1. Positive end of the dipole of region 247-398, charges at C-beta (+1 Lys, Arg; -1 Asp, Glu), about the Cα centre: which of 341, 254, 372 has its Cα farthest in that direction?
2. Please check: in the Gaussian network model of the chain (C-alpha springs, under 10 Å), which one of 53, 86, 25 has the largest mean-square fluctuation.
3. For region 1-88, run through the chymotrypsin sites (Phe, Trp or Tyr not before Pro) and keep only the ones in DSSP coil with at most 12 other Cβ atoms within 10 Å of their Cβ.
4. Mind checking the log10 I(q)/I(0) for region 126-278 at q = 0.09 Å⁻¹? Debye, one equal scatterer per Cα, no solvent, two decimals.
5. Under the definition of Cα pairs under 8 Å and six or more residues apart, what whole-number percent is the relative contact order of the chain?
6. Given labels modelled 7 Å from the Cα in the Cβ direction, how far is it in nm from residue 122 to residue 350?
7. Please list the non-local residues whose amide H lies under 5 Å from the amide H of residue 197, H modeled 1.01 Å from N, same-chain partners needing a gap of 5 or more.
8. For region 309-315, what does the Karplus curve 6.51 cos²θ - 1.76 cosθ + 1.60, with θ = phi - 60°, yield as ³J(HN,Hα) per residue in whole Hz, taken in order and with x for Gly and Pro?
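What follows is calculated from the coordinates using simple rules that are stated; it is not laboratory data. Quick caveat, the model's predicted, so the values are computed rather than measured. Positions of Cβ are backbone-derived with ideal geometry, glycine not excepted, and every protein chain shown enters the neighbour counts.
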Amino acid sequence: MKTKKIMELYNDYVMPTYTQTPIVLVKGDGLKVFDSEGNEYLDFFPGWAVSGLGHCHPRVVKAIKQQAGKMIHVPNNYMNELQAQLALAIVKNSFDGKVFFANSGAEANEAAIKLARKYGNQRGGRFEIISMLKSFHGRTLATITMTGQDKVKVGFEPLPAGFLSVPFNDLEALKSAVTDKTAAVIVEPIQGEGGISVADEAYMRGLRRFCTEKDILLIFDEVQTGMGRTGKVFAYQHYDIEPDVMTLAKSLGGGVPIGAIVARRHIADTLGAGSHASTFGGSPIVCAAALAVFEAIDEEGLIDNVDKMGAYLVSSLKKLKSTSGVIKEIRGKGLMIGVELKIEGEKIVKECLKRGLLINCTQKKTLRLMPPLVVKKRDIDKAIKILNEVLNNNKVKP
Ligand SMILES: *Cc1c(COP(=O)(O)O)cnc(C)c1O
């Protein structure tokens with residue numbers, strides 16, 4: 001089918017919820033993706049980090065193929081070994097607790113909200129959840145309410161009660177928002193949609209201390225930051241603290257839809273039989289894929305690669321900053337990098353696309369670069385060359 005015909009079908013039959021670039025992607029291989037016209041692109045933004053190991057990572061492909069021939073779905077009133085093994089892998093890589101499996105980031109955060117409420121309600125009617133301004137937690141009704149950006153809420157009122165947002169990286173603001181009804185605080189260690197804002201060390205430590213003191217659950221939304229992206233398996237591990245609950249999705253499944261939450265043991269057991277469920281959650285096919293992702297991170301030295309390539313990407317960007325004149329600030333950790341411009345970023349994204357480089361822009365002026373964990377120096381050189389050309393063409397005239 002020609003691109004034009006596919007666009008017509010979209011127009012007629014697919015709800016217009018997305019701002020779309022008019023290209024049809026048909027094939028992916030590592031950092032490369034190809035469109036239906038045969039054009040090749042270098043993917044420095046693989047699906048908001050979903051294809052964190054690159055497209056069609058051989059271990060993930062093999063795991064899915066093998067499992068597809070055995071059993072695709074096991075209902076959760078029976079057991080499947082892969083779900084148990086994946087829960088173990090998540091806990092081994094994070095903190096001691098128990099896992100619940102869902103299918104997306106929003107659904108993982110919904111589970112965290114329900115857990116926090118159930119746990120809090122048993123401890124004297126605590127139900128309020130405090131999130132951060134500029135956060136992003138998903139698109140269900142509760143998670144848009146928890147998201148600290150008004151643009152996702154408009155038109156969907158009335159929103160559920162019991163949520164409020166305070167400024168990020170501001171411990172005093174949080175302290176003054178807490179009441180005896182506060183059940184939990186939710187934070188992204190690095191705000192992704194919020195413009196790649198990194199949580200300060202003193203803030204994170206203070207947050208942990210304060211939540212422990214007040215018996216408030218501390219939830220980390222690692223949906224975007226997890227699975228090695230920032231140079232640790234989970235971003236909170238940069239801070240020498242642990243959350244009570246962590247939510248995961250995006251790159252956990254190497255491309256297939258999966259979400260998960262981990263909660264410390266005594267909290268996790270609050271969700272007893274019948275209190276929460278997901279028909280598709282933790283099916284063997286997605287668990288097989290996620291186990292392959294953990295295996296790849298371990299056996300291919302990917303965390304080490306994130307450290308090296310992250311440092312190389314940032315130093316290359318710094319050079320670009322000194323020559324281009326349109327870069328205001330470079331932020332991030334590992335391979336989760338934001339480049340805040342002095343100019344609007346959408347135009348830059350479009351011009352990079354024309355030259356075969358896929359990136360993203362968030363908060364109007366921040367370019368977001370999140371190449372797969374397997375990125376090599378030559379990929380970074382190629383991306384920087386394209387960015388350099390595009391930024392030079394868009395130099396602000398003095
Ligand atoms: C993408 C994202 C979500 C929502 O995940 P979905 O799978 O789209 O529901 C939640 N939190 C963060 C931090 C995200 O980046």
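1. So the residue furthest toward the plus end is 341.
2. So, out of 53, 86, 25, the one fluctuating most is 25.
3. Loop-located and lightly packed - 18, 78.
4. Cα-only, vacuum Debye calculation for region 126-278: -0.27.
5. 22 percent
6. Spacing of the two 7 Å Cα→Cβ label points: 5.4 nm.
7. Hits under the 5 Å cutoff: 191.
8. 6, x, 5, 5, 4, 5, 5
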